[in-house]
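Working notes for the structure below.
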Amino acid sequence: HAKDSGRSTFSFFARDMDKNLTERLQMEAALKEAIGTEQLQLYYQPQVLISTGQVVGVEALMRWQSPELGSVSPGRFIPLAEETGLIMPLGAWCLEEACRQLAQWRQLGFNGLMAVNISVRQILRADFFDLLEEVLAQSAIPADRLELELTESLMMDNVEASLEVVQRLKGLDVSLAIDDFGTGYSSLSYLKRFAVDCLKIDQSFIRGLREDNQQARSLIRAIVQMAHNLELNVVAEGVETPEQLAILTAEEVDVAQGYYLGKPMPASEVEVILRSQGVTLRVNEKG
Ligand code: C2E
Ligand code: MG
Ligand code: MG
Ligand code: MG
């Protein structure tokens, strides 16, 4: 009977929605509990200047190890945090922790950038700027060593509001990067109006890079040419193979980030790299 099967289909979906809702509520409650505890950590992924091989920056990436839910990827809990407003305390923690860590690494002689991802909900709130000023003052890092990553789609969804925010951020002298560039339909005229410092080419453009794929390579070339004309740095995300790195080098991309150069890692492992970099410099100076 059509009616019966219709009803059972409905109840199937209702049950499904119910399960999703329960899961979401459970995750929301767990995330709320996790903020400020060891469950949440920042990992850092090296950003390597291609011309010298030196680590010139790190990107802070959140990691959540929940006792009930296991390890939850930011791709799942960040959107949830945005919808529920938890992104505010979460984002504040991330910014504070990342700047505190950078201040510590600066004492080792590291003068690179700390890149921090910032969400829509975070940045469109007026008190974000108070937080930012407070964190910069507290950590005493030069503002331009902090690079805020804003996704291209976020900026294009709210062009006028974003322009205003970008202007204010530049007023504080922080560095700005457009994350996931190439996925958000920005036009050249917007890029000129947004006074950002850096474009991060989305990993989907790097994935297809091979010697035998001229089309993928042409896209990179076009982005680099445009970015350099606007005096923007270019970072390639998701670099996984030496072949990709070789092509990016030939196409004059400035900075590479990806598993081939280093996975996101705990602070202690970054420190090992930074120390070895410092030691190398000193040895070179003596020689
Ligand atoms: P994203 O900012 O574009 O970060 C790059 C993502 O690519 C990271 O995923 C990173 O681990 C991954 N990745 C790096 N190298 C490679 C590679 O060679 N191959 C592949 N396949 N992937 C690579 P992750 O850590 O899972 O983060 C996902 C997204 O979650 C980030 O994308 C960012 O949008 C968001 N996110 C992470 N941490 C934060 C945070 O503290 N605040 C906010 N607002 N968003 C965050
Ligand atoms: Mg990012
Ligand atoms: Mg990205
Ligand atoms: Mg992303």
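The values are calculated or read from the model by the stated rules, or taken from the named source; none is laboratory data. These numbers come from a predicted model, not from an experiment. Glycine also receives a Cβ, built like all others from the backbone with ideal geometry; neighbour counts cover every protein chain displayed. For the accessible areas, the whole protein counts, side chains as well, though only heavy atoms, and no ligand, DNA or RNA atoms are used. Shrake-Rupley method; radii C 1.70, N 1.55, O 1.52, S 1.80 Å.
Among the residues in region 217-230, are any more than 16 Å from ligand 1 (Cβ to nearest atom) and touching a Pro at 6+ places or on another chain (Cβ under 9 Å)? Among the residues of region 217-230, not one is more than 16 Å from ligand 1 (Cβ to nearest atom) and touching a Pro at 6+ places or on another chain (Cβ under 9 Å), which makes the answer no. Of all the criteria given as (1) within 16 Å of ligand 4 (Cβ to nearest atom); (2) touching a helix residue (DSSP H, G or I) at 6+ places or on another chain (Cβ under 6 Å), the one not satisfied by Q47 is (2). Please go through region 173-200 and give me each residue that is at pLDDT 95 or above and among the β-branched types (V, I, T), ordered by number. Across region 173-200, the qualifying residue is only V174. If only residues of region 227-265 that are farther than 15 Å from L49 by Cα and of a type in the set (A, V, I, L, M) are counted, the one that is most open to solvent (accessible area, probe 1.4 Å) is L230.
For first residues located in region 197-221 and within 16 Å of ligand 4 (Cβ to nearest atom), partners that are of a type outside the set (D, E, K, R) and open to solvent by 90 Å² or more (accessible area, probe 1.4 Å) and lie 6+ apart or on another chain with Cβ distances below 6 Å do not occur.
V58 falls short on exactly one of the conditions (1) modelled with pLDDT of 95 or more; (2) assigned to a helix (DSSP H, G or I), and that condition is (2).
R76 falls short on exactly one of the conditions (1) under 24 Å from L199 (Cα atoms); (2) open to solvent by 60 Å² or more (accessible area, probe 1.4 Å), and that condition is (1). A search for C-beta distances below 7 Å between a residue of region 143-162 that is of a type in the set (K, R) and any residue that is away from ligand 4 (no atom under 15 Å from the Cβ), counting only pairs 6+ apart in sequence or on different chains, returns R145/L102; R145/L113; R145/M114.
Among the numbered criteria (1) more than 13 Å from I35 (Cβ to Cβ); (2) at pLDDT 95 or above, which single criterion is violated by E82? With (1) more than 13 Å from I35 (Cβ to Cβ); (2) at pLDDT 95 or above applied to E82, the lone miss is (2).
Okay, residues lined up against (1) outside any loop (DSSP other than H, G, I, E, B); (2) open to solvent by less than 20 Å² (accessible area, probe 1.4 Å):
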{"site": "E160", "(1), (2)": "yes, no"}
{"site": "Q167", "(1), (2)": "yes, no"}
{"site": "K170", "(1), (2)": "yes, no"}
{"site": "D173", "(1), (2)": "no, no"}
{"site": "L176", "(1), (2)": "yes, yes"}
{"site": "G184", "(1), (2)": "no, yes"}
{"site": "L191", "(1), (2)": "yes, yes"}
{"site": "V196", "(1), (2)": "no, yes"}
{"site": "K200", "(1), (2)": "yes, yes"}
